[in-house]
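Presented below is the structure to which this report refers.
Any read-out appearing in this document is the output of simple, stated calculations on the displayed coordinates, not a laboratory observation. None of the values given here were measured: they were computed from a predicted structure. Cβ coordinates were reconstructed from backbone atoms using ideal geometry, including for glycine residues, and neighbour counts include every protein chain displayed.
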Ligand code: CP
Ligand code: NVA
């Protein structure tokens, strides 16, 4: 097992399957109310340079359930990379805590945090990727479906951090992944090239949503303007308006297809109320699984499995 969790691309198929198996075990214990204090007495600093609901709540609650303690550092606390250098705060926190979770803007900063840390670092989202999210998403799909055979996931929208992590996962586990983005908003090209070179999954990038959702088992979306892109909201709204997941688009996917969204959702923009609240939506299972999968990641990184 690697020491950090910065990108899914750093992990093997076997390691990902081990995390999923541990997730199942920890989720069952949680549901039964069985104590599972695998991280008793251990502490985690959670550095947030951006806002969060799910990431903070799921990590903080998960660490508590593991018998440990997590402390929240808000965007005003450290001023990482501004008030204090990444390398200094990394070494300081490593003296206090057993593990670090960070949500940062610049991906280079989380790489540097890991480089200088003497404890494991978990990536809770950067502008570049969101690995914990996609681990929870795939775990959720496997819970609903049981296997990856003939799975087609269609991601509609911005080629952002979430889309990038989907492609990273497709370079490790085999499935069909279609990313559908407007021209100029496609995912990171290096990540795409690497996934194509690895040739584990069939990854394609399209620009027509009607074509992209054909035969999809999972239709996935995310906000059109990510955290840090708020000033582009109006411009992006115009560019992405035909990329909304609505009932009409869902009718073109496979019968019984499921809908996913990492949340927070901008209802009425990238997804309609009818779809997100409808019978095909599994967004709240997905959201819950953030906590279970992250507990497994913490336990693995701390060698407590
Ligand atoms: N999906 C997700 O990471 O949510 P938050 O931004 O609320 O943490
Ligand atoms: N792409 C979104 C994901 C939020 C969980 C963002 O970065 O804001």
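Normalising the average separation of contacting C-alpha pairs (under 8 angstrom, six or more residues apart) by the number of residues puts the relative contact order of the chain at 20 percent.
Helix 86-96 versus the longest principal axis of the chain: what angle, 0 to 90°, nearest 10, using Cα atoms? That helix lies at roughly 60 degrees to the long axis. Helix-only arithmetic for the chain: the sum of -39500 (n - 2.57) across DSSP H runs with n ≥ 4, divided by the residue total, places the mean residue ellipticity at 222 nm at -12500 deg cm²/dmol.
Have a look at the DSSP beta bridges in the chain and tell me what percent are antiparallel, nearest 5.
On the way: 0 of 36 bridges.
Restricted to the chain, the bridges split so that about 0 percent are antiparallel.
Legend: Rg and Dmax of region 208-297, from Cα coordinates, 13.9, 40 Å. A Gaussian network model of the chain, with springs between Cα atoms under 10 Å, assigns the largest mean-square fluctuation among 17, 270, 186 to 17. Ranking of 261, 144, 36 by neighbouring Cβ atoms within 10 Å, starting from the fewest: 144, 36, 261.
For region 129-226, taking Cα atoms only, Rg and Dmax work out to 12.2, 36 Å respectively. Give me the distance between the Cα centres of region 1-73 and region 164-214, rounded to whole Å. Using only Cα atoms, the two centres lie 27 Å from each other. Axis of helix 161-170 versus longest Cα principal axis of the chain: the two differ by about 90°, to the nearest ten degrees.
Considering only 129, 202, 176, the mean-square fluctuation computed in a Gaussian network model of the chain, springs between alpha carbons under 10 angstrom, is largest for 202. When the Kirkwood radius is taken over all Cα pairs of region 20-59, what Stokes-Einstein diffusion coefficient follows at 25 °C and 0.890 mPa s, in µm²/s? Answer from the Stokes-Einstein relation: 199 µm²/s. Relative to the longest principal axis of the Cα atoms of the chain, helix 13-32 runs at roughly 80 degrees.
Calculate the length of the line joining the C-alpha centroid of region 106-130 to that of region 233-258, in whole Å. If you average the Cα positions of each part, the centres end up 32 Å apart. Taking 56, 83, 236 in turn, the Gaussian network model of the chain (Cα-Cα springs below 10 Å) assigns the largest fluctuation to 83.
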